[in-house]
Structures are given as C-alpha cells and as structure tokens.
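S.K.: Let me begin by handing over the structure; questions about it come next.
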Amino acid sequence: MSKNTLSRFVMLAVLVVLSLGAALPITAQDVPQSDPSAPIRVWVDAERARQVQAFIDANPDKASLIEIINEPLGANVQQRMLLYNNIGGNWPDVIFEDPSTWRTLNTPAFDFFPADLRPYIPQDVLDQFYPTANDPCIAPDGSLICVRNDIAPEVMFYNVPAMAEFGYELPTTWEEYVALAQQVAEDHPGYTMGQLDGWEPQLLWYYHSDCPIMQPLSASSFRVNFLHPNCQRMSEMLDTVNALGVLDHQGTFSAGYGQIWEQGNWLIHFGPSWLPDFVIKGLYLNADDPENQGTVGVALLPNWADQTERTTSNVGGGSYAMSRHTLNAELAAELIVFVSTNPDVGAAQAATPAYMPSAALWGANLLTRVPLLASDPDPWTVISEAASGVLADGAVEGPPRSSPVFSPFFTDIAAGNRTVVSISEELQAGLVEAVTTAGFESVTDGP
Amino acid sequence: MSALNRLTANDSYRHNAHKKRGTIGDWSLLLIVPYLIAVAMFHLGPALVAVIFSFSKFTFGRPEFFAAGLDNFVKVFSDPVFFRSYGNVIQFSILATTVGFVGSLGIALLLALTRDQFGSVARSLLFLPGAINPTVVGLIFIFMLDPVVSPFGFLFRAVGWNATTDFVSASNSVVIMTALRFFMSSGAWIAIFYSALEGVSQELIDSAKIDGCSPWQLAWLVRRPMIMGFVWFMIIQLVAYNLQIFAEPYVISTALGGASFIDPYWSPNMLGSFYTLQRGDLGMSAVVSLSQTVISISASIFVVTRTGAFVTSTD
C-alpha cells in the first residue's frame, strides 16, 4: 500500500504544480522602453494587409522592420489580449479592428491596451476626417485610441424606374415616408419599402431618430431610455408601416430579398454606404444585365419633420490602433497615419474611407465600380453629405453594446410574433441589463 | 472500494485470487497514470484554478489572489442576466434531456429489433453527426434552417415557413437549440444504448421468446429494465452536458453577428465567456463555472444515492 500512498502523493504534487503554473502570472513590465530600430508586428486582415504593403512599398528602408500577421477581423482579440497581459509580452504593435474593440480594450481589465495617438497626428490632419468619424476612437479622457479607416453612413436607396412610373416623390421626412407607404399599400401592394429584420435595428432605425439608446454621460455611466418619445415615435412608425405590409422580413442578406430586387418589386431600402459595392451588386441585382444599369438611386435618409439637422447612423467601419507596449511607437504611428490618410491607399480600399481627401478619390470611382447606381443625383455627393451628418451618438458603441439586445427582439418582430411597441419595456430592461452586466451604470430618465 | 472489499470478503475463492494477484496489483496502477495525469491537467487543475480565481480580483487583467473575498459571488448573483441565462438552459435542459432520452432510447430499441442490412446502415448514419465537431455542426445548422437551401426546405414550406426569419427567432431559441443538440449528440447515445441492449443475456431473451414474447414486449419489458443503469447514467450526463451548452449558441451568435437571435449571455457558459472577454474578469467567470459544477455534482449525487440504479452490493 505504500506505493499507493506514494502515487497519490505524486499525483497531488503534480496537481498543485500544474495549477500554480496555470494560475501564477509572470509580472508584466509596465514601462516600455523606446527603440527606433525595433521591429513591429502588424495584425491585420487580408484587405488591410494590402494597405500595410503599400506603406512597405513606399518605405523600402523600413521593410525589414515590419512583420505582417494576417488575422481575420474579430479573431478573439480580447481573449488573446488577456493572455498577452498575463504573460506580460507578445502584444502586436498595430492592430486593425472594430472601434468598439478598442473601447473595450481601453479599460482597466485590459490594462488600457491602446496608446494615445494624439501626439503623432496633427489636429489639422484629424480635421480632414468626416466630422464624427473618429468619435468612437476618442476615449472618455480625451485620448485618441484609434484612427478610423472607413465609415458607413446610412442612406436611402430607391428604385428609379418604379418611382418614376408610379409618379411618387421621394420622402424626405418619416412623416412623408409613412404617407407614401399608405399610398403604396393601396395602389401597388406587393412593393417593399424597407427591410425589418434582426440586423442592427438600433443603427438602421433608432439612433438617427435622436433616441437615447446608450448615450455616454461619463466614463462609467450611460443614458438608457428606450421609452423616450424620440424612440417611441420610431417604434410606432415601424408598427404602422409594417401593418401596411410594405416591409420585408426575410433578412437583409437573404437570397429571398434579393429575388424581390431582381423582380423589380422593391421601391425603397435603407442601408449603409457599402451596400452598393458588397450587396446590391451581386446579391440583389445582376450587374451584367444592361436593364439593371442606373436603376438604383441614392438619397439622404428621411428625418423627422422637427429634426433641424439632417442626421444618420453609421453601420460599420474599422480602425487602426497602436499598442501602448510598443517599443517603436514612431514607426507604428507613422504606419497608421500613412494607411489612414494616404489618398491612393484610401481610394483603392473596398469601404468608404473616413479621411475626406481619400474618400473624394474613392467616391469618384463609385459609378464606374457599381454601374447599377443612377447618376443623377450623383450618388457619391449624397453619400458624402450623409457621412458629414452621422450623429455622434450613433457613432459610439461599446462597451456596453446595444446590438446584442436589439437583434434577438427584432427577430421576433420579423417572425411576426411581436410588435415593436409591445417589446419596448422588455427591450428597455434588456438595455439596462446590458449596461449593468458590462460593468457600467445606467440613467433611465432625462432628455 | 468498500463495496469491492465486502464482496471479496464474502467470497473466499475470490479473496484468494485477489491475494495471488496482489503482487502485480500495484503495477497495474501504472496503467491509469496517463488518465490521472489528463484528469489533473484538464479537469482537476482548471477546477482548482477556478476556485482560486473565484476569490481573486482582476484589476489589470492579472489576478490578485484571494483579494476579492466574496465580491465576485455577490456581483454575479446580483446580475439579473445570470438568472436569465439559467432560466434559458433549464428550459433547454428539460426539453433537450427529454427529447434526447426518449429519442435515443426509442431509436436504439428500434435498432435492436432489426437484424438486416438496413439496421447496420441506419446505425452508421445515425452515428455520423456525432462525429462532427459541434462548432461545425452549429454553422451547418444555420443553413439547415434556411428553407431556401435546406434539404428539409419542403417540410418548412409545408407549414408556411418560407424564410429563415419566419421561425428562427429569439422566442424559438430553446427549441432550435434542442433540435441542434439532438441531431448532434443522439448518435452517440443510440450507440451506447444499442450496445447495452445487445449486452442483455441471450438466454434471457431466448426464454422470453419461448414464453411467447413479442418483439415490442421484448424491447420494453425485458431489455429496457436491464439497462436502467445506463439510463440514469445518460440522464446525469445529459443534464450536465445540456446545462453547459456553449459551442452551438456561441458559434451561431458570432456567425450571425449583428442579426443574431441569441444574445451573448444566453447560457451560463456564454455569460462566463462574456465576463471574461468583455470585462476581462476571470473571477466572475469562475463563479459562473463553479455554479454549474455545484448543480451538476448535486444532481449526480442525488441520482446515484437515491435511484438505486448504481448499487454495487446487495448485502
């Protein structure tokens, strides 16, 4: 039996050693040294790897210092950051990700990973970004934790031949949109005037209605009031229009909705500026069919009659950030500024650049890239104007995030189980929960 | 151990045999060393770490051991999302365990009736989905639920579901997860039950047949009572496994991105992952894990001690 006791003792020892090994972190060094000749590791997806390659091509002397690591977007950045922080090393120097990721990583729990880029980017360069483009990158203390690469203002798409044939005017307010919906339901039932599904409803419908979904009040608190009249007017509008049967529910990215477009049975659709390049061309319409050319008009999103400024939401867009642990901040920042502001790099990318001079070049090619778009009014002029009107609240998300609360509720609305007004109180409770669960406080009243 | 000792003490022949093997008995322990190492590394070790973490504070992503006291427990238990996620998995467990149990046992009993080629093909087919990684099954399942591309599309359309969005919604999440879980895990259980049923003594079956037992009576009255130990074992496993559901809803909610019908803290394990990945708080995450451990172990102890299905000695 002594061997038995011995083996038990050995097992216990192995267990304790293993657990301690897993649990004990190596103390991290908090003060990075600076070394202008240190190499940097750049963590980007395939699309952005081309931008970094453009920097290397423009600066061949620095080629040996830059290592590109190809990672898909959303590749468990938080998870890996916890591990890097735990071992106190191995952080990439530059990463491309969603701005909400940087807001999450700019918290004590993640040891304030992103560095402040303000010292490296002059204010006059920042002024040439679209007005609220970099708002998601501004931390509560005012530091600039990322630089926006691309933006996605929401606009209204319309079926040019159908609108002309029926003699309809484009709605510029939601009131006019409801009136048009009533007319369409009566005169031309079967035509769709938008998509009501679970995909980012808070961005597509609510933020631009001046609805205080998660309005940042301080570093630790948010105003959360979905029962606010500015939100309720939109919920009531959605229920009204939905009851008329002019909203489709099959999903923005579904083949079924694409068929409606291909059959010409759509009238109006609301979506981000990247829709023509990525979804309308290909999924919705066959770009090679000459009959489809010039059929998709682009207009500004309607607003409420009493909204004095034209506003819209932003639906997507990535950003570059620098690690505060980098040894070669000079080079990392130089790379970030180059890829974010070089007009040629910006014009060659897939999504709308956030830097206005790059965006102008990008927009000039829009009609050539997507001949499905109607040329009058010029779609790029409309998108650019919309980009200038993205309101700040709709540009800032995370943490906490409202999307995971909205989507499940709106899948029930799309399925026809609930109405938008009937979910209001549960949705409000869900939003408050999301704020609490993410470790913040919520204020549920006020303007 | 004690049951074994009592058994051997009652039987002098076995007692002697045990004595004879005694000289090599200790060496045989070596054979389970790899298993013990694996258990220590992947089960007991992490479990111990979870206990330590649950009392630790994570301010800058690194643990301060035992600095949190009971703070993490208070924070988690006062989070309304915690109980909602348990609400979801309890509904899911009841439905998925029932469906998994009735379905697997039923199919296994049917398979035990067949002796032809069809039976062996069916056994292989039923086992196949279990051989695929749950993550992959989750992704495939999204397409299975799309009436436009699914091979079962005609069934969906027959009940009026023409688009995924007609029925894949938050209110149906429990049912959808149950269907997914059954598709994925029933194969393994059917195989286990089938072997258990085949393990029933042939003499017993023959004598039942001589007494005029029909195949259905044979399955239900003779075979089923003989495998109750497996049944309870399966129920323990299914409850523990279902309470821990993570991969499928997590993959689906990630894949559907901003259009997901499942929220990021739908199940306790997803909530644990949320605490870790969004708040960087492994302490709160550890509390969620421990809460599941306590529930699963309590359920196991209850089943083992109260059902009588695991009695090893009758004296």
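S.K.: Tell me, please, whether a residue that is in a helix (DSSP H, G or I), more than 14 Å from chain A (Cβ to nearest Cβ), surrounded by fewer than 21 Cβ atoms within 10 Å (Cβ to Cβ) and at pLDDT below 85 can be found in segment B:154-171. Give the derivation first.
M.R.: Start the filter on segment B:154-171 by keeping residues that are in a helix (DSSP H, G or I), which leaves B:154-158, B:164-166, B:170-171.
Now restrict to residues that are more than 14 Å from chain A (Cβ to nearest Cβ): B:154-155, B:158.
Checking the rest, the ones that are also surrounded by fewer than 21 Cβ atoms within 10 Å (Cβ to Cβ) come to B:154-155, B:158.
Restricting the remaining residues to those that are at pLDDT below 85 gives none.
The answer is no, given that none of the residues of segment B:154-171 is in a helix (DSSP H, G or I), more than 14 Å from chain A (Cβ to nearest Cβ), surrounded by fewer than 21 Cβ atoms within 10 Å (Cβ to Cβ) and at pLDDT below 85.
S.K.: To continue, here is another question. Can B:TYR250 be described as at the interface with chain A (Cβ under 9 Å from one of its Cβ atoms) and under 24 Å from the mean Cα position of the chain (by Cα)? Talk me through it step by step, then tell me what you get.
M.R.: Numbers: at the interface with chain A (Cβ under 9 Å from one of its Cβ atoms): no; under 24 Å from the mean Cα position of the chain (by Cα): yes.
No; evaluated as a whole, the condition is false for this residue.
S.K.: Only one of B:VAL99, B:VAL51 is within 14 Å of another protein chain (Cβ to nearest Cβ) and of a type in the set (A, V, I, L, M). Can you tell me which?
M.R.: Working: B:VAL99 fails: within 14 Å of another protein chain (Cβ to nearest Cβ).
Exactly one of B:VAL99, B:VAL51 is within 14 Å of another protein chain (Cβ to nearest Cβ) and of a type in the set (A, V, I, L, M), namely B:VAL51.
S.K.: Let me ask something additional. Given the condition within 13 Å of chain A (Cβ to nearest Cβ), assigned to a loop (DSSP other than H, G, I, E, B) and either closer than 30 Å to B:ARG123 by Cα or touching a residue at least 60 places away in the same chain (Cβ under 8 Å) (or both), answer yes or no: does some residue in segment B:66-77 qualify?
M.R.: no
S.K.: Right, next: Name every residue in segment A:167-179 that is touching a residue at least 24 places away in the same chain (Cβ under 8 Å) and either more than 18 Å from A:PHE270 (Cα to Cα) or surrounded by 15 or more Cβ atoms within 10 Å (Cβ to Cβ) (or both), in order of residue number.
M.R.: Applying the first criterion (touching a residue at least 24 places away in the same chain (Cβ under 8 Å)) to segment A:167-179 yields A:168, A:170-178.
Hits for segment A:167-179 are A:TYR168, A:LEU170, A:PRO171, A:THR172, A:TRP174, A:GLU175, A:TYR177, A:VAL178.
S.K.: Continuing with this model, one more query. Suppose we keep only residues that are in a loop (DSSP other than H, G, I, E, B), of a type outside the set (A, V, I, L, M, F, W, C) and within 11 Å of another protein chain (Cβ to nearest Cβ) within segment A:388-415. Which one would you say is nearest to B:ASP166 (Cα to Cα)?
M.R.: Here is the first cut: in segment A:388-415, the residues in a loop (DSSP other than H, G, I, E, B) are A:389, A:391, A:396-402, A:415.
With of a type outside the set (A, V, I, L, M, F, W, C) added as a condition, the list becomes A:389, A:397-402.
From what's left, within 11 Å of another protein chain (Cβ to nearest Cβ): A:397-402.
Working: A:GLU397: 29, A:GLY398: 30, A:PRO399: 31, A:PRO400: 29, A:ARG401: 26, A:SER402: 23 Å.
If we take residues in segment A:388-415 being in a loop (DSSP other than H, G, I, E, B), of a type outside the set (A, V, I, L, M, F, W, C) and within 11 Å of another protein chain (Cβ to nearest Cβ), then A:SER402 is nearest to B:ASP166 (Cα to Cα).
S.K.: Turning to a different aspect of this structure: Tally up the residues in segment B:254-269 that are surrounded by fewer than 24 Cβ atoms within 10 Å (Cβ to Cβ) and more than 7 Å from chain A (Cβ to nearest Cβ), please.
M.R.: Counting residues in segment B:254-269 that are surrounded by fewer than 24 Cβ atoms within 10 Å (Cβ to Cβ) and more than 7 Å from chain A (Cβ to nearest Cβ) gives 5.
S.K.: From the list B:ASP79, B:ASP26, which residue is of a type in the set (Asp, Glu) and within 30 Å of the chain's Cα centre (by Cα)? So that I can check it myself, show each step before the final result.
M.R.: Values: B:ASP26 fails: within 30 Å of the chain's Cα centre (by Cα).
Unique residue meeting the criteria: B:ASP79.
S.K.: Have a look at A:ASP93, A:ASP141 and point out the one that is more than 12 Å from chain B (Cβ to nearest Cβ), more than 21 Å from the chain's Cα centre (by Cα) and at pLDDT 95 or above. Outline the logic, then answer.
M.R.: Working: A:ASP141 fails: at pLDDT 95 or above.
Just one listed residue meets the conditions, A:ASP93.
S.K.: Select from segment A:416-447 the residues that are within 25 Å of the chain's Cα centre (by Cα) and facing chain B (nearest Cβ under 7 Å) and write down the one among them that is surrounded by the fewest Cβ atoms within 10 Å (Cβ to Cβ).
M.R.: A:THR436
S.K.: Has segment B:272-284 got any residue that is among the hydroxyl-bearing types (Ser, Thr, Tyr), more than 12 Å from chain A (Cβ to nearest Cβ), in a helix (DSSP H, G or I) and surrounded by 17 or more Cβ atoms within 10 Å (Cβ to Cβ)? Talk me through it step by step, then tell me what you get.
M.R.: If we filter segment B:272-284 for residues that are among the hydroxyl-bearing types (Ser, Thr, Tyr), which is where we start, we get B:273, B:275-276.
Among the residues that remain, those that are also more than 12 Å from chain A (Cβ to nearest Cβ) are: none.
No; the residues of segment B:272-284 include none that is among the hydroxyl-bearing types (Ser, Thr, Tyr), more than 12 Å from chain A (Cβ to nearest Cβ), in a helix (DSSP H, G or I) and surrounded by 17 or more Cβ atoms within 10 Å (Cβ to Cβ).
S.K.: Separate question: What tally of residues in segment A:229-261 results from selecting those that are part of a helix (DSSP H, G or I) and more than 14 Å from chain B (Cβ to nearest Cβ)? If you could, list the steps in order and put the result at the bottom.
M.R.: Within segment A:229-261, the first condition is being part of a helix (DSSP H, G or I), and the residues that meet it are A:229-243, A:255-261.
Narrowing the set further to residues that are more than 14 Å from chain B (Cβ to nearest Cβ) leaves A:229-241, A:243, A:261.
The qualifying residues number 15.
S.K.: Now for a separate question. Is it true that B:TRP232 is surrounded by fewer than 21 Cβ atoms within 10 Å (Cβ to Cβ), away from chain A (no Cβ under 14 Å) and in contact with a Ser or Thr (Cβ under 6 Å, 6 or more places away or on another chain)?
M.R.: Numbers: surrounded by fewer than 21 Cβ atoms within 10 Å (Cβ to Cβ): yes; away from chain A (no Cβ under 14 Å): yes; in contact with a Ser or Thr (Cβ under 6 Å, 6 or more places away or on another chain): yes.
When the stated conditions are applied, B:TRP232 passes them.
S.K.: If you don't mind, there's one more thing I want to ask. Which condition number in (1) in a helix (DSSP H, G or I); (2) under 22 Å from B:PRO134 (Cα atoms); (3) at pLDDT 90 or above is the one that B:VAL287 fails?
M.R.: The failed condition is (2).
S.K.: Looking at (1) surrounded by 16 or more Cβ atoms within 10 Å (Cβ to Cβ); (2) within 14 Å of chain A (Cβ to nearest Cβ); (3) under 25 Å from the mean Cα position of the chain (by Cα), find the lone condition where B:VAL137 falls short.
M.R.: (2)
S.K.: Ok, one more. So A:SER254 passes all but one of these: (1) surrounded by fewer than 18 Cβ atoms within 10 Å (Cβ to Cβ); (2) under 21 Å from the mean Cα position of the chain (by Cα). Which condition number does it fail?
M.R.: (1)
S.K.: Give just the number: which of (1) within 14 Å of chain A (Cβ to nearest Cβ); (2) in contact (Cβ under 8 Å) with a residue 12 or more places away in the chain; (3) at negative phi; (4) crowded, with 19+ Cβ neighbours inside 10 Å does B:ASN242 not satisfy?
M.R.: Only one criterion is unmet by B:ASN242, namely (1).
The values are calculated or read from the model by the stated rules, or taken from the named source; none is laboratory data. Nothing here was measured: the structure is a model prediction, and the numbers come from that model. Please note: Cβ atoms are built from the backbone with ideal geometry, for glycine as well, and neighbour counts cover all protein chains shown.
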